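Below is one structure. I have some questions about it.
The values are calculated or read from the model by the stated rules, or taken from the named source; none is laboratory data. Predicted model, so just to flag it, every value in this text is computed and none were measured. Neighbour counts are summed over all protein chains in view; Cβ atoms, including those assigned to glycine, are modelled from backbone coordinates with ideal geometry. Accessible surface areas use protein heavy atoms only, side chains included; no ligands, DNA or RNA. Shrake-Rupley method; radii C 1.70, N 1.55, O 1.52, S 1.80 Å.
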Amino acid sequence: MIKIGISGAMGRMGKTVASIAYEDPEVQISAAIEHPAHTDLEKDYGILLNRPPLNVNLSSNLEKYMDGVDVFIDFSVPQNTLNLLEFCEKYYKPIVIGTTGFNKDELKKIHDYAEELPILLSPNMSLGVNVLFYLVEQAAKLLKNDFEVEITEIHHSKKKDAPSGTAVQLKNLVLKQLHLSDDHVIYGRRGIVGERDKHQIGVHAIRGGDVVGEHTVYFFSEGERIEITHKATSRNIFARGAIIASKWIVKQPNGLYNMNHVLGLI
């Protein structure tokens, strides 16, 4: 039995992770962490989810629960993730991070923490999306600079960061294979922008409704195009992937991992 702590426990993804964990006989929810100002602190987490009592209260006190947790799953905000990592290092707790929106300095700190404990960082925990990463990387490698690349992503209207972490990862994979830099990336277009540069990578974010997540990478050439798309219709896919990742990361040595490691793609 793996004891998990959920950070961002009352967020959309935190509650979805909990619902999947309830149905998994191999895991047990042992901590539910939220912001100190959350109005439901110290209430039983199970009851808050309209489930049987867990005897685990929603809390902002990380230290209180550290001894009873084997691994943390974090879907929150960057600053909270870094705070959690400080405690994970202190108590040597592996962590699965699904939070997005990190800047370069924050990512550097995560890399530094990975020297001291096992960390799995992925902008998207879906097994299907991580196969999408692999396919896009292979397509960019094979097509090289003979095709023009555009990336679109669609999410619900409440999503705070843009472009999505998944779109950023897709962009980074393409840039790496084409030996290009961020200077070649354009985020949306407006006005008289002139002809498209052959080596330009377009990234476009669309927001609206309750769309869970949709990502498409286009490879355009004269007379043909390739579209590689993943559509998520339920947040359960991200939560299920996070649970699978948590079972995997507890067996790993110190280091920074992603879902490709879990899938055996690298």
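Please find, within the stretch 107-127, the residue that is surrounded by the fewest Cβ atoms within 10 Å (Cβ to Cβ) out of those that are within 22 Å of Gly213 (Cβ to Cβ), touching a helix residue (DSSP H, G or I) at 6+ places or on another chain (Cβ under 8 Å) and modelled with pLDDT of 95 or more.
Leu121
Across the stretch 81-93, what is the number of residues that are open to solvent by 10 Å² or more (accessible area, probe 1.4 Å) and within 14 Å of Leu256 (Cα to Cα)?
Final tally of qualifying residues: 2.
Test Ser7 against the criterion of being more than 19 Å from Ser122 (Cβ to Cβ) and hydroxyl-bearing (Ser, Thr, Tyr), and give yes or no.
no
State the number of residues belonging to the stretch 189-208 that are exposed (fewer than 11 other Cβ atoms within 10 Å of the Cβ) and of a type in the set (Gly, Ala, Ser).
3
Let me ask something else about it. How many residues does the stretch 48-79 contain that are of a type in the set (Phe, Trp, Tyr), out of contact with any Pro (no Cβ under 8 Å at 6 or more places or on another chain) and either open to solvent by 80 Å² or more (accessible area, probe 1.4 Å) or over 16 Å from Arg12 (Cα atoms) (or both)?
1
Here is a yes/no grid of residues against (1) touching a helix residue (DSSP H, G or I) at 6+ places or on another chain (Cβ under 9 Å); (2) outside any helix (DSSP H, G or I):
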site: Leu54; (1), (2): yes, yes
site: Lys64; (1), (2): no, no
site: Asp67; (1), (2): yes, no
site: Gln79; (1), (2): yes, no
site: Cys88; (1), (2): yes, no
site: Thr100; (1), (2): yes, yes
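From the list Ile206, Ile249, Ile266, which one is in contact with a strand residue (DSSP E or B) (Cβ under 6 Å, 6 or more places away or on another chain), over 30 Å from Tyr22 (Cβ atoms) and not polar (S, T, N, Q)?
None of the others qualify; the one that does is Ile206.
Criterion first (of a type in the set (Phe, Trp, Tyr), open to solvent by 80 Å² or more (accessible area, probe 1.4 Å) and over 23 Å from Asp161 (Cα atoms)) does Tyr45 satisfy it?
Answer is no for this residue.
Can you pull out every residue in the stretch 105-156 that is farther than 28 Å from Arg207 by Cα and either free of Cβ contacts under 8 Å to residues at least 12 places away in the same chain or not in a helix (DSSP H, G or I) (or both)?
Lys108, Asp112, Ala114, Glu115, Glu116, Leu117, Pro118, Ile119, Gln138, Leu142
Hey, can you tell me all the residues within the stretch 26-42 that are surrounded by fewer than 19 Cβ atoms within 10 Å (Cβ to Cβ), part of a loop (DSSP other than H, G, I, E, B) and in contact (Cβ under 8 Å) with a residue 24 or more places away in the chain?
Selection gives Glu26, His35, Pro36, His38, Asp40.
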